[in-house]
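For reference, the structure is listed below as structure tokens.
The values are calculated or read from the model by the stated rules, or taken from the named source; none is laboratory data. Quick caveat, the model's predicted, so the values are computed rather than measured. Using ideal geometry, Cβ is built from the backbone for each residue, glycine included, and neighbour counts are taken over all protein chains shown. Just the protein is used for accessible areas: all its heavy atoms, side chains included, with ligands, DNA and RNA removed. Shrake-Rupley method; radii C 1.70, N 1.55, O 1.52, S 1.80 Å.
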Amino acid sequence: MRSPTVTGPPAVRPLILTEDPTLLDSLLRLVAAAGAEAVVLPSAAAARSAWPGAPLVLVGDDLARHVAAAGLPRRPDVVLVGRDLDDAGVWRRAVDVGAEHVVVLPDGESWLVDRFAEAISDGARGTLLAVIGGRGGAGATVTATALAVTGLRLGHRTLLVDGDALGGGIDLVVGGEAEEGLRWSDLDGARGRLTPDSLYGSLPRVDELSVLSWGRTDGADVPPEAMSSLLDAGLRGSELVVADLPRHVVDSTRVALELADVALLVVPAELRAAAAATRVLASVRDYCADVRLLVRGPAPSGLDAAVVAEVLGLPLAGEIRAEPGLAAALERGDPPGRRVRGPLATFCADFLQEVARPPARRVA
């Protein structure tokens, strides 16, 4: 019987009880797909000490009667796993071992991968910021990029996600269009749970910033299942995820907004821009409870940011005056936010200090 490499105390690993080599091979493959390791034991007697503290227990149907006869204490998160979909007796055996669920392979593989991933999670997740323009050309992509670059500089492990199929490609903004790695077209069939390691090992990286953007010939919207899988893996593997989203709320936008900690609506300091932003805001508010306003200058008519905030009924996250040299820097492929000083970088640093969870690593 093949045994996995196990590190750390058994009680913090999922526990598998089976003597069926075919079943064990299947379960170990699913454990690996979830980025986990498991403790494998061949009998109820051997499992007595690990049984109470394991975050998840999988009992192979081949050992169900032995586990029931062993009189192990009842506990939550016990799953009985079988391979015969037509065996009606499996439900009786599940009751006998105190299982909360019955899974028959291969039908239940996706569900088990999710359960393995949940079992090893410590509950920690990164902060997701959604950035949306109140009108076209509002500067949402530049703001999203600057937030991600600033987050990286502040010590956050950061992922920048381009959710706008018609935005031209955020990889161009960070100067990473030539970097090898996955684009959305490679992930649009993603279903189920991605592991953080597999995601980060495949994405383009620019100065340690991981970026998911569009290929030059991509054009379709992101399938909602792909967005959900991507953000789930990103939030488990990152301390900060910044998503640049389109103004039109499609299914993938809705998924991102529902997961977002904060949505930042970027609006130029212009009356027509504020009017256009009211229509965008009406959709965004349906899916994200915490929406804040960023007003970008210049203000040709002297429109005050506080007035824009009052019109939209949003808390004002900040106001950024026009920044000389920003457009030229973008044309050179110099990412916004790289400069420590300047209105944009100052706003991003202050905003992240307020809304993002502290990074695990600190920079000097």
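Condition check: buried (at least 17 other Cβ atoms within 10 Å of the Cβ), among the small types (Gly, Ala, Ser) and in contact (Cβ under 8 Å) with a residue 60 or more places away in the chain. Does Gly98 satisfy that? Don't jump to the end; show me each part of the working.
Working: buried (at least 17 other Cβ atoms within 10 Å of the Cβ): yes; among the small types (Gly, Ala, Ser): yes; in contact (Cβ under 8 Å) with a residue 60 or more places away in the chain: no.
Judged against the criteria, Gly98 is not a match.
Scanning segment 45-58 for residues being open to solvent by 10 Å² or more (accessible area, probe 1.4 Å), in contact (Cβ under 8 Å) with a residue 24 or more places away in the chain and either outside any loop (DSSP other than H, G, I, E, B) or closer than 19 Å to Asp25 by Cβ (or both) gives a total of 1.
Would you mention how many residues in segment 249-269 are surrounded by fewer than 20 Cβ atoms within 10 Å (Cβ to Cβ) and either of a type in the set (D, E, K, R) or within 21 Å of Leu187 (Cβ to Cβ) (or both)?
As a first pass, look at segment 249-269 and keep what is surrounded by fewer than 20 Cβ atoms within 10 Å (Cβ to Cβ): 249-251, 254, 258, 261-262.
With either of a type in the set (D, E, K, R) or within 21 Å of Leu187 (Cβ to Cβ) (or both) added as a condition, the list becomes 249-251, 254, 258, 261.
Of the residues in segment 249-269, 6 are surrounded by fewer than 20 Cβ atoms within 10 Å (Cβ to Cβ) and either of a type in the set (D, E, K, R) or within 21 Å of Leu187 (Cβ to Cβ) (or both).
Checked against (1) open to solvent by less than 50 Å² (accessible area, probe 1.4 Å); (2) out of contact with any strand residue (DSSP E or B) (no Cβ under 7 Å at 6 or more places or on another chain); (3) assigned to a helix (DSSP H, G or I), Leu172 passes all but condition (1).
Of the helices (runs of 4 or more DSSP H) lying entirely inside segment 288-364, those carrying at least 3 residues that are more than 28 Å from Leu172 (Cα to Cα) and open to solvent by 20 Å² or more (accessible area, probe 1.4 Å) are 305-312. State all residues of segment 117-162 that are in contact with a Gly (Cβ under 8 Å, 6 or more places away or on another chain), within 30 Å of Ala299 (Cβ to Cβ) and in a helix (DSSP H, G or I); if no residue qualifies, say none. Within segment 117-162, Ala140, Thr141, Thr145, Ala146, Leu147, Ala148, Val149, Thr150, Arg153 qualify. In this structure, does Ser202 turn out to be open to solvent by 40 Å² or more (accessible area, probe 1.4 Å) and not in a loop (DSSP other than H, G, I, E, B)? So Ser202 does not fit the description; no. Of the residues Ala277, Ala190, Ala220, the single one that is over 15 Å from Leu160 (Cβ atoms), more than 19 Å from the chain's Cα centre (by Cα) and modelled with pLDDT under 95 is Ala220.
Let's see how each residue does on (1) within 30 Å of Val280 (Cβ to Cβ); (2) within 28 Å of the chain's Cα centre (by Cα); (3) open to solvent by 10 Å² or more (accessible area, probe 1.4 Å); (4) aliphatic (A, V, I, L, M):
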position: Gly60; (1), (2), (3), (4): no, no, no, no
position: Arg93; (1), (2), (3), (4): no, no, yes, no
position: Asp107; (1), (2), (3), (4): no, yes, yes, no
position: Asp114; (1), (2), (3), (4): no, yes, yes, no
position: Val131; (1), (2), (3), (4): yes, yes, no, yes
position: Gly136; (1), (2), (3), (4): yes, yes, yes, no
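Each residue in segment 57-88 was checked for being touching a strand residue (DSSP E or B) at 6+ places or on another chain (Cβ under 7 Å), modelled with pLDDT of 90 or more and of a type in the set (A, V, I, L, M, F, W, C), and 10 pass. The numbered conditions (1) modelled with pLDDT of 95 or more; (2) surrounded by 21 or more Cβ atoms within 10 Å (Cβ to Cβ) are all true for Val31 except (1). Count of segment 66-95 residues, restricted to those that are closer than 23 Å to Ser26 by Cβ, in contact (Cβ under 8 Å) with a residue 12 or more places away in the chain and of a type in the set (A, V, I, L, M), is 9. Criterion first (under 18 Å from Ile120 (Cβ atoms) and either aromatic (Phe, Trp, Tyr) or in contact with an Asp or Glu (Cβ under 7 Å, 6 or more places away or on another chain) (or both)) does Pro55 satisfy it? So Pro55 fits the description; yes. Regarding Thr278, is this residue within 25 Å of His248 (Cα to Cα), open to solvent by 20 Å² or more (accessible area, probe 1.4 Å) and among the polar types (S, T, N, Q)? Yes, satisfied.
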